[in-house]
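Everything on this sheet refers to the single structure shown next.
Read the figures in this text as sums done on the coordinates, not as results from a lab. Computed from a predicted model, the values in this text were never measured in an experiment. Cβ: placed from backbone, ideal geometry, glycine included. Neighbour counts: every protein chain shown.
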Amino acid sequence: MSVALRYAARSDVGLVRTVNQDSGYAGPQLLVLADGMGGPAGGDIASSVAVAHLAALDGEAHGGDDLLDQLRRAISAAHSDLLDYTGDRPELHGLGTTVIALLRSGRKMGMVHVGDSRAYLLRENALTQVTEDHTLVHHLVTTGQLTEEEAEHHPQRSVLLRVLGDDPDAPTLDESVREARVGDRWLLCSDGLSSYVSTDTIADCLREYTDPGRCADALVDLALRAGGPDNITVVIADVVDATDLPEMAPQIVGAAAVDRERPTRGGTGAAARAAAMAREAQSAEDGTDDVGRTERDALAELDPPEPAIRKVLRWGITTVVLLALIAGAATIGYRWSQTQYYVGTDGENVVIYQGIPQELGPIALSEVHEVTDVPLADLPTFARARVEAHIAATSLTDAEEIIAGLRDQLPQGPTAPPAEDPSGDPSEEPSDTSTDDPSPDPTATGVPGSVATPLTAVLT
């Protein structure tokens, strides 16, 4: 039996972020997810470069024995490009991205992984997390220095130990080769999903929706309903009988996509409603609408024009009602925003902001709550990049704990051990090169791939 992938990819900027730094790719032979970091102009570049290099593999024929070699070469090429790109751009120093890539050949799937994005496998109705988080807190848990409960609220839970970025040393990848079994469902996701939706809920959703696209939409909606401050990206692929599947085009989402500036669809909150209504009011003020010229002419022919006085009265009443609704929604949204906190920068210091890092027309939805004694320049590269990209907090107490964790990472003196790795270098852990239980299905070739996004388009 020949097997193929039926897939879908979705990405949303989230309710707080202004830039989508995630990138996702789903194609006949390749699945990729990359979660970028490094300030407003760095993470999206890093994730896009990674996807651009890996996407080229989807249009090539591969043998089952060279899957990992092909993935390694693509990651290495992306690393070289990031080094070149940031060499004369100091403002982008410290950018990086997580990467998960699955490349299929027949019934074999090669996988490489670095960072804290996750891959899950739903097989025979049981969900398993296939990847390991390359974070400081996970390392502390595996070495017995933290419990799982302590890790959930640890101020350094976002500190990554391994990423693909502009570090001169090539990233250490976790690698494995797995069997593609009919009935398997793969999920790749950024921490915008896994940090806000429980594993049990994710499993229930994967079981409930048979269509990958509907399932991906549902998972994104779950993250948005949970507050969804971070970018949310989901790639889902089902291993199916190739004879039952029509040819599909690849899907590219997030920073690497053409519609990378698409706004969040999480418009159910008060602040989101206020922003949406403000956009509608601006469109009305500019004289634009959604009716095309041909449709407008046809409607004018069907309906005779209203008397001028009635038209003025109707539009006057509509305008008053609309302005009242906008004012009320904006007031509610602003009040809600002032119950939120995040950690960011103000000049050379790390600060706690009250509000959200957005603007509603001329109104800023955040203000400095506290200027801390943590110098931005003294933080490790990746901690500094996370702060520059804004770290969302669930409360003022949570924001203060984040500051405490950042303070712990400051250099203590010339003899102090590195703050980002107090217990050893986890990158020396052996990579997983094991193979899953083989399936009795015979080997077959995959569905033809497609042309990937050009790297030059990504960098511009």
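Of all residues being touching a residue at least 24 places away in the same chain (Cβ under 8 Å) and part of a loop (DSSP other than H, G, I, E, B) in region 86-102, which is farthest from the chain's Cα centre (by Cα)? Just the residue, please. Steps first, answer last, please.
If we filter region 86-102 for residues that are touching a residue at least 24 places away in the same chain (Cβ under 8 Å), which is where we start, we get 86, 91-102.
If we keep only those that are part of a loop (DSSP other than H, G, I, E, B) too, we end up with 93-95, 98.
Values: His93: 20, Gly94: 18, Leu95: 15, Thr98: 10 Å.
Only one residue fits best here, namely His93.
So which residues in region 118-164 are part of a strand (DSSP E or B) and of a type in the set (Val, Ile, Thr), if there are any at all? Walk me through how you get there before you give the answer.
So the first thing to find is which residues in region 118-164 are part of a strand (DSSP E or B), and the list is 118-123, 126-129, 135, 160, 164.
Those that are part of a strand (DSSP E or B) and of a type in the set (Val, Ile, Thr): Thr128, Thr135.
To keep it simple, each residue is scored yes or no on (1) hydrophobic (A, V, I, L, M, F, W, C); (2) farther than 24 Å from Val19 by Cα; (3) in a helix (DSSP H, G or I).
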| site | (1), (2), (3) |
| --- | --- |
| Asp44 | no, no, yes |
| Val49 | yes, no, yes |
| His62 | no, yes, no |
| Leu68 | yes, yes, yes |
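Which of (1) surrounded by fewer than 22 Cβ atoms within 10 Å (Cβ to Cβ); (2) not in a strand (DSSP E or B) does Ser176 not meet, given it meets every other one?
For Ser176, the failing item is (2).
Give the residues of region 186-196 that are buried (at least 21 other Cβ atoms within 10 Å of the Cβ) and of a type outside the set (S, T, N, Q), sorted by residue number.
Trp186, Leu187, Leu188, Cys189, Asp191, Gly192, Leu193
Give all pairs with beta carbons closer than 8 Å in which a residue from region 188-210 that is among the basic types (Lys, Arg) meets a residue that is surrounded by 13 or more Cβ atoms within 10 Å (Cβ to Cβ) and not in a helix (DSSP H, G or I); count only pairs at least 6 apart in sequence or on separate chains.
These pairs meet every condition: Arg207/Leu122.
Please work out if Gly165 is surrounded by fewer than 20 Cβ atoms within 10 Å (Cβ to Cβ) and not aliphatic (A, V, I, L, M).
On the way: surrounded by fewer than 20 Cβ atoms within 10 Å (Cβ to Cβ): no; not aliphatic (A, V, I, L, M): yes.
Taking the combined requirement at face value, the residue does not satisfy it.
Please go through region 369-383 and give me each residue that is in a helix (DSSP H, G or I) and more than 9 Å from Val350 (Cα to Cα), ordered by number.
First, pick out the residues of region 369-383 that are in a helix (DSSP H, G or I): 376-378, 381-383.
Of everything in region 369-383, those that are in a helix (DSSP H, G or I) and more than 9 Å from Val350 (Cα to Cα) turn out to be Ala377, Asp378, Thr381, Phe382, Ala383.
Looking only at region 1-23, filter to residues that are buried (at least 24 other Cβ atoms within 10 Å of the Cβ) and of a type in the set (D, E, K, R); which one of those is nearest to Leu206 (Cα to Cα)?
If we take residues in region 1-23 being buried (at least 24 other Cβ atoms within 10 Å of the Cβ) and of a type in the set (D, E, K, R), then Arg10 is nearest to Leu206 (Cα to Cα).
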